[in-house]
Amino acid sequence: MKAKKYILSFGLVAASILSTYFITHTTAQQGVPAVQASVDNEYQAGATLWMQKAGEYRSLAYQAFNLARWRLDADFDKKNIKKLPKVDRKRPRAVIVDIDETVLDNSPAQAFNIKNRLPFGVKDWYAWGEMRKAKAIPGAVDFLNYANSKGVRVFFVSNRDNVQKQATIDNLKNVGFANVTEENVVLRTTESSKEARRQAIAAKYRIVLLMGDNLDDLSNVFERKSIADRFGEVDKVKDDWGKRWIVLPNAMYGTWESAIYEYKALTDAQKSEKRVNALELP
Ligand SMILES: [Mg+2]
């Protein structure tokens, strides 16, 4: 009799675990809040609202792409061409941009997670990508289409996974980017560092500009560095900002945050503690 009772209660527990799993993994994909352990991501709400609601964010995005256009025009100036080493004068020009939070806005995916207290999950991220619903960052379409019209090759170098390639190409085309092809959408295949991908482009083109929301989009000198070392690297090349390298604002997420966590996999509570400890007080 006792054994029967145990089997019955074990069965009930197993059924409850399975049904929770089933609900979690089916409803999340349909855009319905999933039954899942809630995470501490309320702190991201300010940054997400700022991206979605602040005219200041919008104007900074235009500012970045206006500056990019001026830099490109300056590159075409005859005086500039004379200053280039001879081997570079006839090399075709390229502009490299990152995708997420540089030319496409994923804040709705971030907002969904905040509202439902969900952690970042690859499955949900892929599902968002499949929707092809990301809007263009203000100014991005005009600038990149201008670059295209001047014969400059645009490369979208992103750490989206290669399995997301078709959806990414579709999304970029849908929002109006011209000349988006299999060749110039360069996603992650093996490593997250973009250095090898940048080098492969540099072997054929003269890279006039690099644009990203993350320092790692620009050079490998910033990769996996501490906060102090990132600052040091930024200061070392202070005259390059706004010239060769243009940064888009992204306070929602990024390597800047990973640096606060010292690139460690931490619990929510540990992350929260690191964030509070990192605050500079009077
Ligand atoms: Mg990005």
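The values are calculated or read from the model by the stated rules, or taken from the named source; none is laboratory data. Fair warning: this is a prediction, and the values are worked out from it, not measured in the lab. Every residue, glycine among them, receives a Cβ derived from its backbone with ideal geometry; neighbour counts consider all protein chains shown. Note: areas computed on protein heavy atoms with side chains; ligands, DNA, RNA excluded. Shrake-Rupley method; radii C 1.70, N 1.55, O 1.52, S 1.80 Å.
For Tyr253, all conditions in the list (1) modelled with pLDDT of 95 or more; (2) open to solvent by 40 Å² or more (accessible area, probe 1.4 Å); (3) of a type outside the set (S, T, N, Q); (4) in a helix (DSSP H, G or I) hold save one; what is the number of the exception? Failed condition: (4). Condition check for Leu218 on (1) in contact with a Pro (Cβ under 6 Å, 6 or more places away or on another chain); (2) surrounded by 19 or more Cβ atoms within 10 Å (Cβ to Cβ): one failure, at (1).
Residues of the range 194-216 that are of a type in the set (S, T, N, Q) and within 14 Å of the ligand (Cβ to nearest atom): Asn214 alone. Somewhere in the range 87-106, is a residue open to solvent by 40 Å² or more (accessible area, probe 1.4 Å), part of a helix (DSSP H, G or I), modelled with pLDDT under 95 and under 29 Å from Arg197 (Cα atoms)? Looking through the range 87-106, at least one residue is open to solvent by 40 Å² or more (accessible area, probe 1.4 Å), part of a helix (DSSP H, G or I), modelled with pLDDT under 95 and under 29 Å from Arg197 (Cα atoms).
Name every residue in the range 224-238 that is hydrophobic (A, V, I, L, M, F, W, C) and in a loop (DSSP other than H, G, I, E, B), in order of residue number. Across the range 224-238, the qualifying residue is only Val237. When the criteria are applied in full, Ala127 fails the requirement of being away from the ligand (no atom under 16 Å from the Cβ), assigned to a helix (DSSP H, G or I) and over 17 Å from the mean Cα position of the chain (by Cα). For the range 134-172, filtered to residues that are surrounded by fewer than 21 Cβ atoms within 10 Å (Cβ to Cβ), touching a residue at least 60 places away in the same chain (Cβ under 8 Å) and in a helix (DSSP H, G or I), the residue that is farthest from the ligand (Cβ to nearest atom) is Tyr146.
Scanning the range 173-218 for residues that are assigned to a loop (DSSP other than H, G, I, E, B), within 28 Å of Lys238 (Cα to Cα) and modelled with pLDDT of 95 or more turns up Ser193, Lys194, Ala203, Lys204, Tyr205, Asp213, Asn214, Leu218.
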